[in-house]
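Here the structure is laid out as structure tokens; the discussion comes afterwards.
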Amino acid sequence: MRRGLQFACLALWVAAAGACNPPTKPSDPNGLAATLQAFSVVPPVIGAEAQSTGVATISLQLMRDSSGTITSATATFQVTLTNLPSGTAITQAHIHLGDLGVPGGILVDTGLIDGEVTVVNGNVTFTHQGIVIPNNVAQELLASPITFYFTLHSVRNPEGIVRGQLSH
């Protein structure tokens, strides 16, 4: 009986210890993120906007067929920027194809339009949902996110204000 009680206590302890460990996988397997920095933009950001930073979280909503092939894809973009100077006007936000330090073409446009977001006390947050992504681009984003980057543009820096490579 004593051995059975020891075993039961050990099993309970192992189960409790396992419940305290955080999961090793992200909660959203279709989620992407980017840490946005002005110093990552090519060519370099000029003026007061060179201090800008932020984060972007991109959640892909996917439909797959029975073989696992993506048949449709949309995205939700959640973006927060900080350290923006007074008067910053955000004009565009996109996913581009391009390795670190390499400018690349736009693959996914968030649909952000001039004047849509307002900078308050140096900060801005916005969400765009239901952005259609080509199926092949969604597959590539999931397979190799680091070969893509997210960037935001401004009136003062039309080539980009902040940039960050994507990751899971």
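A few comments on the model shown:
- Computed accessible area, HIS94, all protein chains, 1.4 angstrom probe, square angstrom: 10
- Rounded to the nearest 10 Å², the accessible area of THR57 at probe 1.4 Å: 60
- Ordering ASP99, ASP28 by accessible surface, largest first, gives ASP99, ASP28; the 1.4 Å probe counts only protein heavy atoms, with every chain in place.
- Accessible surface of THR71 - all protein chains present, 1.4 Å probe, nearest 10 Å²: 70
- Here region 45-168 is treated as an ellipsoid with the same Cα gyration tensor; its semi-axes, largest first and in whole Å, are 28, 15, 11.
The values are calculated or read from the model by the stated rules, or taken from the named source; none is laboratory data. Predicted model only: the values in this text are computed from it and were never measured. Accessible surface is based on the protein model in full, side chains and every heavy atom, while ligands, DNA and RNA are left aside. Shrake-Rupley method; radii C 1.70, N 1.55, O 1.52, S 1.80 Å.
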